[in-house]
Structure formats: C-alpha cells, structure tokens
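First the structure, in the form of structure tokens, and then the observations on it.
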Number of protein chains: 2
Amino acid sequence: MMDNALKALKSRDREMVLLEHIIAVLHWDQETGMPEAAVNERADQLSMLNGLLHEKVTDSDLGSILNDLGASDAHPLGDSSLSEEDRGLVRTYYREYSREKKIPASWVKEFTEVTAKGQAVWAKARKTSDFPLFKPYLEQVVKLNRERSSLLGYTNHPYDPLLDEYEPGMKTAEVAQVFAAMKLDLVTLLERIQIAGEVDDTFLYREYPKAGQDAFGRMVLKDMGYDFSRGRLDESTHPFTTSLGADDVRITTRYTEPSVSSSLFSTIHEGGHALYEMGASAGSLAGTGIGTGASLAMHESQSRLWENVVGRSKAFWTHYYSRFTKHFAQQTKGITMDAFLRGINKVQPSFIRVDADEVSYGLHVILRFELEQALITGDLSVEDVPHAWNSKMKELLGIVPQTDADGVLQDVHWAFGMIGYFPTYALGNLYGAQLFASLERDVPDIHDQISRGELGEVLTWMRDRIHQYGAIYSAPELLERATGSPLDPAHFTAYLEKKYSDLMGI
Amino acid sequence: MMDNALKALKSRDREMVLLEHIIAVLHWDQETGMPEAAVNERADQLSMLNGLLHEKVTDSDLGSILNDLGASDAHPLGDSSLSEEDRGLVRTYYREYSREKKIPASWVKEFTEVTAKGQAVWAKARKTSDFPLFKPYLEQVVKLNRERSSLLGYTNHPYDPLLDEYEPGMKTAEVAQVFAAMKLDLVTLLERIQIAGEVDDTFLYREYPKAGQDAFGRMVLKDMGYDFSRGRLDESTHPFTTSLGADDVRITTRYTEPSVSSSLFSTIHEGGHALYEMGASAGSLAGTGIGTGASLAMHESQSRLWENVVGRSKAFWTHYYSRFTKHFAQQTKGITMDAFLRGINKVQPSFIRVDADEVSYGLHVILRFELEQALITGDLSVEDVPHAWNSKMKELLGIVPQTDADGVLQDVHWAFGMIGYFPTYALGNLYGAQLFASLERDVPDIHDQISRGELGEVLTWMRDRIHQYGAIYSAPELLERATGSPLDPAHFTAYLEKKYSDLMGI
C-alpha cells in the first residue's frame, strides 16, 4: 500500500509542479513585456490555473494518500520507513493539505475581497500619504490574520502560525531572542559608523548607460555560475527570480539609468536566488515539489550572501573594479577602488526599508516584527500604528519620517494581507552570514579566490551544503546540518563589525 | 432548459478558450526565447494542458449540453431560435465534439506515435535526401488518414472529411474545379512572364542591417493598424501569429540578414493574420471560441492580401519606397522604385514552395492537392510519390528537382500527419483576391489611398465584412456574404494578369 501511495503522491506532485511552473510562465510574461491590454484576460487565466491547483492541494484523495503514508499532526513527515527525500515530500504536502483544510472557504473569500480592494486603496493612500484611508483595510487584515492564527492553532504565541507560513519551523520566541541580540549590536554599530563621518557615493548616481550595466551584470552572473542555458535575464519594474521549469530559472533586473547601484546589486541578488533554485531543482529533486528552496529566509540567505557578503566585498572588487571601470571610465574617473567600496557600502539611516544599507536594514525589519506581534496580540490598535511606527524609527534609527508614505505606508505586504513575512528578510541575512562563516572555515583562502574572480567555490559549497537538499528539510534544520550549529546572530554582527572596521577604520 | 444549456456552453467555452490561450503563451515563449534546457519540461507542461483541453472537448456533459441546444448531424448549428452568434458557437463545438467522439483512442495513440517518430525521421531524411528512409512513415500516415476518413465518414470523396478538418464546409469537388481553372491560367501566365525576360533582384540580397529592417517593419505594422497595446513583435526561427488572449495577439518575424525580402514580407504577412485575430476577438466575440478566424484559408486570405495584394503593389511602394530607402540608402543606390517593384515581384519557377512567387505558388499547391487525393483514394502508392512529384513539377512548373530534399521531402506537413492542409494556402490567395476585388468596387480610390500611405480603409472594410464575424460562419458562407458571390478563382488570375501586365509590359 505504501508503494502505491507513494507513486500516487509523486504523480500528483508532478501535476502540481507543472501547474505551478505554468503559472510562473504567465507571471513572468506579464512582468516582462505582456501587451498592456492583455491584463484582464491574464488575470482570468491565472485565476483558472490557481483554482485548479487549489483543487488538487485540497483534494481529499490527497489526504487519503498522505494518511496511507503515515502522515499526521504527530508525524508530519509520514512513516519512518520512507527515505529522507520522500519524507520531505510528505512533509511539504501534509503541511499544505492540512493547512488548507483548516481554513474555511468563507475566510478565503473575505480575505480575497479585502486584499483585492486593500491593494488598490493602499496604492492611493501611499501616493497621498493618507493613512486614515488605508486604516479600515489594515484593520480587516489584522482581524483576518488573528482569525487565521486561531484557525491554524498555536501553543505559545498567536504570531507563531503566521510566521510559520513563511518560515516553516521557526518560532516567534526564537526570532524575538535572535532579533534582540541583533538589535543591540546594530544600534551600537550604526552609531559608531555615523561618528566616523560622511561617505561620498555621489559618483554612483552619474550617467551609467544601460548597455554597460547589462554587459557587466551578465559577466558577473556567468562568473557566479548562473547557467544561461537554464535561464535568462530580462527587465521588469521590480526585479524577481522565478522557476518556469526545473531547467528554466529566470531572473529580471531593472536598469535605473542614470544610477548604477540598483541594477548591479539587483542582478547579483536575483542571481543568488536563481543559483539556489537551479541547484535545488536538479538530480532526483528536479521537477518535484521539493526541488526548490527550503524557505523564504533560506532563499534570502543565498541572494543576500551573493549581493552583500560577496558582491560588496573588497575581495570581489579587487577583481572586478578594473572590469567595471572599463565599461564606465568616465563615470569612475578619479574614484579609487577603496572609495568605490566605501560608496557601495555607505551606511546612512533612512526611511525606506528597500533602500536601506546592510546595517540599518535589520532595524527596519525589527520594527515591523515588533509592530506585527503587537497587532496580532491586540496590544496595539491599528489606529496607533503610525505613532508606534514613528517612535520605533526614532528609537532604532534615530530619525522620524515626515509623512506616512515614508513610514507606515511604504510596504505593500500588509495590503496583500501578509503578516509574518518581514522577519524572513532579516533571518536571510543571519542565515547567510552563518553559512559564509562556515564556508570561510572550510575554505580558508576563499577571499583570495574571490579576489582573483574565482567564485566557483562559493557556489560549490552552497550546492553541497544547501542547494542539493532542496526543501527536504526545514530551514532551521538545514542550517544546523550545514553549519553544525543552530541559528546564531553573532555571525552576522561579527561580519558587519569586521567589514566596517576594515572599511572605515572604526 | 435552452437558457441553462447556453449558459453552460458559454462557461465551458470560456474555460477552453482560456486553456488554449495559456497553451499559446507556452508555445510563444518556447519559440521566442525559452532557455534551451527547458524544452523537456515544457513538453510535459503542454502535454498536461492539451490533455485537460481534450477532456473538456470530449466530455459527455458537453455532448448533453449541445443536445439540449438542438445540435445534431442534421442540425449542426443547433436550434433555429438561437442567435446567429450562438449558432456559430454551437456549430464550433458540435463539430469538434462529434469529430472527437468518432475517433477511437487507439487511432489517436497510433497517430501520435507514428507522427512523433515520423517527424524526427523526416528531418533526417530531408537532410540526406533519403526518401526510402521516410517512406514507411508516409505509408503509415496515408493509412491512418484513410482510416480517419472512413471513421469521420463521407458521401462523395474520401478526401472530403480530411479537407473539411482544415477548411470546414469546403468540398474536394469544388476545390478541384476551382484549381483546374486556376491551373490553366497560371501555367499560361507563367509562360508569358518567362518569355518577357529575366528580372534583376540581386539588390535585395545586399547587407540590410537588422535595426533598419525592424524599424521599417514596425512602421508598416502601425500604419496597417496593428495595435501594439494588444500585441508585440518578436523574433523566432519561423514567423508566426498567435493569440495569447483576446487582447494579446502577437507576431514574430525573422531577420534574415543580409537579405531584406523575407523579414519584410513575413512581418506584413503575420501582421495580416494578427489584424484578423484582433478584429475577430473583439466586442461580444472577445474571449469566446468563435472570436477567431473562420478558417485557415480565410486567415491566409488576410495575410496574403496584406503581404501581396497590398504589400507588393505599386501603390504601396509609391508611399513607402522613399521611407525604405531612408533606412537603406546604400543598399538601394541606383535602384528605381519600378526596378525595386519588379524585384520584389520577380517570377521564377523554383523547387521550394515556401520561396515561390505569387504566380507559381498556386501550382505548388495544386501538385500537392492532386497527389494527396490520389494517395487517399489509393490510385497512387507511396512508393511512386517521388516519381509522381517530379512529373507534376515538370508538367506544372517546367522544372524537375535534382534531389528529393528539393522535391517530395521539402514540407513538414505529411510528417506531422496532415493531409488536406495544403489546399488552404491557395484558397487563401483566391479568397483574398475576391475580397480585394469587392473592396475595389466599394472604395474606388483605394489604390490612391494606399499610395498616400493611408491603409485604414483596407482594414475598415475587412473589419466590416470579415473580421467582426469571427468564426460565426464557415469560410465559404462568409466569403459569399462579404462579396455577394461564391468562390470564383477568376478574381485571383485577373489580379495577377493586371499586375504583371503593368509590371512587365506583357
């Protein structure tokens, strides 16, 4: 029976993965060049396929199959006689199936309606910096997320089941502890860097023609190990990575002429995501539901590691700066490599999370994590959110936005109905730093290699420790397997301490 | 009951159209830039969606719905109380449903296997000009098509049901009669043109940079009325037009540097197809199964009318030649507009159908139509096809290919299993000429308009008489409604007579 059930699960898995990839084709096309008038029917196409997928995930026959494989709340990985890989597959579908079964259709309907309207209202509210306009929708979103938390159930904290949706296996208490340590370190470091004085990065905002940005970005991607026979690079308004097939992992970037910084680091960032997907959707995991990243934060660890730990490092630019200036001789005239390095690593508290530097970024996330918990527990009312936001900005970053557009209204996540997502961004930085510390231990001359433009060992190590396991294990488990220790935020702050003491002489 | 059945049909129609459009997205992506390694999974994605579509088309509930709407072999349009539009929809689905029901799964399986292998073998056979290699597959294809003809049933000619699949409502006897008249005229005209002497077209094969070809092609498309907010132009190995949505009709072209002719006329040709689709998938037909062209031949009438009747006309180049030479001053130096016009209309019998001029093209199609009929009746054995091919080439075009690669092996259609398709190409020319003759009658100064670069009336007339009806009527019916007469090949030969007497002074 187990054999048949496993066969049935894999056949269903294949159909669902194919559907997900087809949905990804439609999304990719929509973002990269679909004719504007096509948008309405495309929504119908996506809605039909998402409906099909939902039917398959919630099909009670899937429930029986998972049951036959021994899956239950007590044994979410199924029967212990199954292989690790198969247990990973059981875990993935049992998780989805049992979650969907707990959420009634009425909740889904209300959520869909509230967030559909909420997104449009949010966009308008942000434009006019009008929080009261968005307030009723945020109230609904909070109410719905509290209901969702109850429906899914929890033991310790009502925020747990929400967080778990985005970062399976992670608990609120653990994040809180880790973030508390990180907060202390970041605030101190931020102060020290600010005392060290102003950094000039104006040269990054000169006229950098797109053709050069594109050529340089593609060269770096190739050196990183991005396989263009299994992917392609396109342009879109917001950069993203998407899997349209096991051997079709595409990335997009945005060329923000005149400035160069955004496209360059977006390309490397998305390249990091893509390398992970390419490595996870290979071998026996290719084309299965576990041939993908372990979690959002683990994904973010790969993108941020390439973008920041590698891409903004002295070693990296030791090799690449002369190649960069070949494309942009005019723009970088008189700028030494060290000055360039300080420019791309400039730290300056600012209002907008997505524009934040490596040091203040974590503080932006902590702010949201703290507000979200308080909203879910009921300790904070929606009405008081703008005030709470601004006080926390003052406390963490020492600045206060003049408008809600630059404050509480800046992110789209709440309008999408997503509460529990933000922590994954900062966790990604923590995972990435911990992984890189392990890599440095295993490959002591990694910085020398990078400074010769040899990026291969970085990828090889990640393939070996992280990528090849796809989503077989949860992210915390995978991190511990890869590095030998549970999550420890000290690696991240040590990395930043070292970087900025080298850079700024602090 | 009728109301409910109609509602049910429309709901199913919507799902099938969405699926077809999603399939088109996958195909378009595959042809325009999908990473090479993605090809295997893309085949699985397409196979899954095609399977879903097939399930829907053959669903016995669809049969009941059509039955409730009064559809039967005697009344394929359903109940006479339905609107014209709804009867068109009933006709479309009754046709597909009852056809699929007649074909057993065993036939489909064999056909799929034979043609899958046959295509690969054909490609190899063509490369090495090895007909015996392809022969067993062609024998299977002929056998399967004869079986299919029997399964579908016919009254007069076994070729009828095959032809009807590609050109609904058209009969072998009618095509034979029409082609007989056309053959006589074309053979005579061909001889007269050849006597008139050699035409120089070498200037078309100079170095025409792609950027100029692209810019000129886009300008012409815009002038034709192609709506870039509902479509886009890309590159692919073989040019095509495809509907990815009611408001998403894309075309591709191929820039054959150095020469200019192929890309230029491909772009206009596909533009003609796209204008038809855009006009048919509008208003109440948008997003329905009849919001598309009436038939292959009617589609071809639109593409060839724009490519040849408009795009190779003196009037057209009176306006565009100076715009063309602006892009290509060097390449067209010393070439007068008249010389250019003679060059792009050069007539010369050659072996390959797809490269044929307007006069000999029809003869290539007649050859295939005659051979296909003989294969289906059993009057010709597959073994004798190369010999028959070459004799007919001699008879119709006065030349004999040296190799089967330049003869019987040149087209992919038989390897795909398609018998009955070829006539639609020539019928397209006939429909197009008849439509344009009507347009000339209705808009006497149309040539003057075109010579001022005003192409709008051509589109307006086609929208009014052809496009807006989508696939409500069969092509023969639509042609008669639009022009007031049944198909008459004299319009086509008269058009060619006039053109070449003006051009060559014959």
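Tabulated values for the structure
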| quantity | calculated |
| --- | --- |
| Residues of region A:137-172 satisfying the condition of being surrounded by fewer than 19 Cβ atoms within 10 Å (Cβ to Cβ), outside any loop (DSSP other than H, G, I, E, B) and among the polar types (S, T, N, Q) | A:150 |
| Flag for residue B:11 being among the hydroxyl-bearing types (Ser, Thr, Tyr) and closer than 17 Å to residue B:291 by Cβ | yes |
| Counted residues, region B:369-393 - those being free of Cβ contacts under 8 Å to residues at least 12 places away in the same chain and either open to solvent by less than 40 Å² (accessible area, probe 1.4 Å) or more than 25 Å from residue B:174 (Cα to Cα) (or both) | 3 |
| Options A:352, A:344; residue that is in contact (Cβ under 8 Å) with a residue 60 or more places away in the chain and closer than 21 Å to residue A:259 by Cα | A:344 |
| Candidate set from region A:21-53 (those that are surrounded by fewer than 19 Cβ atoms within 10 Å (Cβ to Cβ) and in contact (Cβ under 8 Å) with a residue 40 or more places away in the chain); member that is farthest from the other protein chains (Cβ to nearest Cβ) | A:31 |
| Criterion (farther than 29 Å from residue B:491 by Cα, touching a His at 6+ places or on another chain (Cβ under 7 Å) and more than 14 Å from every other protein chain (Cβ to nearest Cβ)) met by exactly one of B:203, B:216 | B:216 |
| Members of region B:230-273 that are open to solvent by 20 Å² or more (accessible area, probe 1.4 Å) and of a type in the set (Lys, Arg) | B:230, B:232, B:254 |
| Search result, residues across region B:173-202 that are under 25 Å from residue B:472 (Cβ atoms) and among the β-branched types (Val, Ile, Thr) | B:175, B:178 |
| Some residue of region A:179-199 being modelled with pLDDT of 95 or more, open to solvent by 30 Å² or more (accessible area, probe 1.4 Å) and within 14 Å of chain B (Cβ to nearest Cβ) | no |
| Qualifying position, being open to solvent by less than 10 Å² (accessible area, probe 1.4 Å) and at positive phi, among B:484, B:417 | B:417 |
| Condition met for residue B:297 (more than 24 Å from residue A:29 (Cα to Cα) and either modelled with pLDDT under 95 or more than 14 Å from chain A (Cβ to nearest Cβ) (or both)) | yes |
| Candidate set: region B:452-481, residues that are in a loop (DSSP other than H, G, I, E, B) and not hydrophobic (A, V, I, L, M, F, W, C); chosen: the one surrounded by the fewest Cβ atoms within 10 Å (Cβ to Cβ) | B:452 |
| Which listed residue is within 14 Å of chain B (Cβ to nearest Cβ), over 21 Å from residue A:328 (Cβ atoms) and without any contact (Cβ under 8 Å) to a residue 60 or more places away in the chain, from A:243, A:229 | A:229 |
| Of all residues in region B:246-262 being of a type outside the set (Ser, Thr, Tyr) and assigned to a strand (DSSP E or B), the one that is farthest from the other protein chains (Cβ to nearest Cβ) | B:251 |
| Criterion: open to solvent by 20 Å² or more (accessible area, probe 1.4 Å) and hydrophobic (A, V, I, L, M, F, W, C) - qualifying residue of B:494, B:433 | B:494 |
| Region B:54-64, subset open to solvent by 20 Å² or more (accessible area, probe 1.4 Å) and either away from chain A (no Cβ under 14 Å) or outside any helix (DSSP H, G or I) (or both), residue farthest from residue A:20 (Cα to Cα) | B:64 |
| Matching residues in region A:263-278 - criterion: being under 16 Å from residue B:37 (Cα atoms) and away from chain B (no Cβ under 14 Å) | A:275 |
| Residue, farthest from residue A:475 (Cα to Cα), within region A:107-128, restricted to residues that are open to solvent by 40 Å² or more (accessible area, probe 1.4 Å) and of a type in the set (S, T, N, Q) | A:128 |
| Scope region B:1-16; condition more than 9 Å from every other protein chain (Cβ to nearest Cβ) and either closer than 28 Å to residue B:251 by Cβ or of a type outside the set (Lys, Arg) (or both); matching residues | B:1, B:2, B:3, B:4, B:5, B:6, B:8, B:9, B:11, B:13, B:16 |
| Residue count, region A:279-304 (criterion: hydrophobic (A, V, I, L, M, F, W, C) and surrounded by fewer than 24 Cβ atoms within 10 Å (Cβ to Cβ)) | 4 |
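The values are calculated or read from the model by the stated rules, or taken from the named source; none is laboratory data. Owing to the predicted nature of the structure, the values given are computational and were not obtained by experimental measurement. Here the Cβ is made from the backbone with ideal geometry for all residues, glycine too, and neighbour counts use every protein chain on show. What goes into the accessible areas is simple: the full protein's heavy atoms, side chains included, and nothing from ligands, DNA or RNA. Shrake-Rupley method; radii C 1.70, N 1.55, O 1.52, S 1.80 Å.
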